[in-house]
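Trainee: Sharing a structure below in structure tokens format, with a few things to ask.
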Amino acid sequence: MSSAGGALIKPVEQGVSPLSAMWAVFGRDVRVAFRQRQDLLNPLLFFVMVVSLFPLGVSPEVSFLQQSGAGILWVAALLAVLLSLDHLFRHDFDDGTLEQLVLQPQPLFLLVLAKTLAHWMLTGLPLVILAPVLGVMVHLDGNSIAILCLTLLIGTPVLSLIGSIGAALTLGLRSAGVLLSLLIIPLYIPVLIFGTGTVAAAAEGAPVGGYLALMGAFLVLALTLAPFASAAALRISLSNS
Amino acid sequence: MSEPLLQAIDLECERDERLLFKNLSFSILPGTLTRVEGANGSGKTTLLRILAGLNDAWTGQLLWCGKPRAYDRESFHRNTLYLGHRPGIKPLLTPMENLRALMAGRRPVTDDVLQQALEGTGLAGYGDVPCRNLSAGQQRRVALARLLIADEPLWLLDEVFTAIDAEGVSAIETLLQQRAAEGGAVLVTTHHDLQLPGMRRIVLGEGQSNE
């Protein structure tokens, strides 16, 4: 790049640190979400409705609800996250901001990670915060509710991270919903099994340390691998558009 | 003669089992203005997306400052500005917020500079209006405001004149010419009848040639 031939315009050498670029992506996504609040409420409403339909549809018995309450909450949370996934990249894809994101002189997987974390903060975290209320509704005891919230706190970021891969892969398709579910649900199953398993173990008085450690391992695995996979999938989706 | 910024050697791209171009070779030198020409569907947008690094479905060689582009992707992106069909503007954000978000990963820019760029594109006073309340042409102008703050040596502009009024078009033409005079390289596709002195051509489609 030495001989720019006396040109006045010089190549740009210095840039912005990846961390501040990530912060900007995160901030923009949060700002956009708060300008469109009904989209934020959708997964929450879905979560509440599904959970409250079980006592009506199956049985309002305390024993039934205590036994299956944690499972109901986990399944409802999982489906609520799944519902919101299509929005993760879709709007950005449609208005062209995704192209500009990919063209930023930054490692793409970090920007994708920032987007996914924003998605979790706007969908997963509200579910975790709402879970104790619904836990009381299904007659879970205090200890079970605490453990349930802990598993959701560790588990919902995993759902967002794995989901981002599916959302990126199905971006170019017109009706991505079903395919997205087919791709993602099998990967969600281990998280669901260990999430509900932890609460069941706690209810029986068994130690839950091992379960929580495994869920933590899922989170670390998803944090380290999912952004790379999503970034690669985004490039493929944009190549074909 | 100065070293080419971007050099394409034997580019070939197929899309939906149709050959768009083959053996396409050209160099983009600093201080030149190049127009990509061709009929609808001849692959102008695809070519620009390939050059920008958005489309990876091609064969051939792309050299950035003499080295394969894949060697230093970040430096390539840092020195290239691509404006596509889709303006890259969030309808829910204001022009200021959009520009801030677009520049955030590239280099630090103060709000004053952004404000000046908006004024320069005739959007003074619209800084706090969500972009969805702006007209199509005004939204396009928000994207174009980046040209006024861009210091990237290579510009890839796809259909920049869409939805822009006559006055705006001549302002952009002047800007592009000025840019080339300052040593920047500009590659444009447009259906608008663009005739600027010293303009080079890349013609796609039937009887494909270059320069």
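Trainee: If one takes the longest principal axis of the Cα atoms in chain B, at what angle in degrees, from 0 to 90 and to the nearest 10, does the Cα axis of helix B:95-104 lie?
Mentor: 50
Trainee: Let me ask something else. Mind giving me the nanometre distance, one decimal, between the label points for A:V220 and A:E61, set 7 Å out from Cα along Cα→Cβ?
Mentor: Those two pseudo-labels are separated by 4.2 nm.
Trainee: On a C-alpha basis, how far is the centre of segment A:80-115 from the centre of segment A:151-200 in Å? Whole number, if you could?
Mentor: First find each Cα centre; the distance between them is then 17 Å.
Trainee: With everything on Cα atoms, drop me the angle between helix A:209-239 and the longest principal axis of chain A, reported from 0 to 90° to the nearest 10.
Mentor: So the helix axis and the longest Cα principal axis differ by about 40 degrees.
Trainee: So how tilted is helix A:18-34 from the main axis of chain A? Cα-based, degrees 0 to 90, rounded to 10.
Mentor: Helix A:18-34 and the main axis of chain A meet at about 60 degrees.
Trainee: With charges set only on the Cβ (+1 for Lys and Arg, -1 for Asp and Glu), what does the dipole of segment A:19-239 come to about its Cα centre, in debye to the nearest 20?
Mentor: 380
Trainee: For the charge dipole of chain A, defined by +1 on Lys and Arg C-beta atoms and -1 on Asp and Glu C-beta atoms about the Cα centroid, which residue among A:I193, A:H119, A:A213 has the Cα displaced farthest towards the positive pole?
Mentor: A:H119
Trainee: Suppose every K and R has +1 on its Cβ and every D and E has -1 on its Cβ; what is the size of the dipole of chain B about the Cα centre, in Debye to the nearest 20?
Mentor: 320
Trainee: Within a 10 angstrom radius of each residue's Cβ in B:75-86, how many Cβ atoms of other chains show up on average? Whole number is fine.
Mentor: The per-residue average across the peptide is 5.
Trainee: Right, another one. Looking at the protein assembly as shown only, what percent of DSSP beta bridges run antiparallel? Nearest 5 please.
Mentor: Within the protein assembly as shown, antiparallel bridges account for around 45 percent of the total.
Trainee: Still on this structure, please answer the following. If you build a Gaussian network model of chain A, linking Cα atoms that sit under 10 Å apart, which residue out of A:I193, A:I185, A:I154 swings the most?
Mentor: A:I193
Trainee: Would you calculate a helix-derived [θ] at 222 nm for chain B, using -39,500 (n - 2.57) for each DSSP H run of n ≥ 4 and dividing by the full residue count, to the nearest 500?
Mentor: Calculated mean residue ellipticity at 222 nm is -9500 deg cm²/dmol.
Trainee: Between segment B:142-204 and segment A:116-144, what is the separation of their alpha carbon centroids in Å?
Mentor: 52
Trainee: Next question. Between B:D165 and A:V133, take the C-beta separation as r, use R0 = 60 Å, and let me know the FRET efficiency to the nearest 0.05.
Mentor: About 0.60, to the nearest 0.05.
Trainee: Can I ask one more? With the cut-off at 1.5 for a/c, could you classify chain B from its C-alpha gyration tensor as rounded, prolate or oblate?
Mentor: It is prolate, given that a/c is not under 1.5 and a/b is the larger ratio.
Trainee: How many percent of Cα pairs in the protein assembly as shown exceed 38 Å?
Mentor: Of the Cα pairs, 33 percent sit more than 38 Å apart.
Trainee: Related question: Can you sort A:S68, A:S164 by how many other beta carbons sit within 10 Å, fewest first?
Mentor: Sorted ascending by nearby Cβ count, the order is A:S68, A:S164.
Trainee: Here is a further query. Largest first and in whole Å, what are the equivalent-ellipsoid semi-axes of segment A:19-239 based on the Cα gyration tensor, each being the root of 5 times an eigenvalue?
Mentor: 32, 18, 15
Trainee: Once you charge only the Cβ atoms, +1 for Lys and Arg and -1 for Asp and Glu, what is the size of the charge dipole of segment A:1-96 about its Cα centre, to the nearest 20 debye?
Mentor: Using only the charged Cβ atoms, the result is roughly 260 debye.
Trainee: Same structure again: Please report B:S135, A:S230 as a ranked list, fewest other C-beta atoms within 10 angstrom at the top and most at the bottom.
Mentor: Lowest to highest Cβ neighbour count: B:S135, A:S230.
Trainee: GluC sites (Glu not before Pro), restricted to segment B:6-90: which are DSSP loop and have at most 11 other Cβ atoms within 10 Å?
Mentor: Passing sites in segment B:6-90 are B:E17.
Trainee: Name the residue farthest towards the positive end of the dipole of segment A:81-189 from the options A:L161, A:H87, A:Q106, assuming +1 on Cβ of Lys and Arg, -1 on Cβ of Asp and Glu, about the Cα centre.
Mentor: Checked the options; the winner is A:L161.
Trainee: Once you put a point 7 Å from the Cα of B:D193 and another 7 Å from the Cα of A:L179, both along the Cβ direction, what distance in nm separates them?
Mentor: Result: 4.4 nm between the two label points.
Trainee: Taking every residue in A:25-37, how many Cβ atoms of other protein chains lie within 10 Å of its Cβ, on average?
Mentor: 3
Trainee: Would you calculate a helix-derived [θ] at 222 nm for chain A, using -39,500 (n - 2.57) for each DSSP H run of n ≥ 4 and dividing by the full residue count, to the nearest 500?
Mentor: -26500 deg cm²/dmol, from helical runs alone.
Trainee: So, one more: Could you list the chymotrypsin sites (Phe, Trp or Tyr not before Pro) in segment A:63-137 that lie in coil according to DSSP, counting only those with at most 14 other Cβ atoms within 10 Å of their Cβ?
Mentor: Taking segment A:63-137 and a limit of 14 other Cβ atoms within 10 Å, no loop chymotrypsin sites (Phe, Trp or Tyr not before Pro) are found.
Trainee: Going by how many other Cβ atoms sit within 10 Å of their own, how do B:M96, A:M49, A:M121 line up, fewest first?
Mentor: Ordered by Cβ neighbours within 10 Å, fewest first: A:M49, A:M121, B:M96.
Trainee: With r as the distance between the Cβ atoms of A:L44 and A:K10 and R0 = 51 Å, compute the FRET efficiency 1/(1 + (r/R0)^6) and round to 0.05.
Mentor: Working from the Cβ atoms, E equals 0.50.
Trainee: Further, regarding this structure: How big, in percent, is the set of alpha carbon pairs in segment A:127-241 lying more than 16 Å apart?
Mentor: When every Cα pair of segment A:127-241 is considered, 64 percent fall beyond 16 Å.
Readers should treat all values here as calculations from the given coordinates under stated rules, not as data from a laboratory. Please read all numbers here as calculations on a predicted model, not as lab measurements. All Cβ positions, glycine included, derive from the backbone under ideal geometry; neighbour counts span all protein chains shown.
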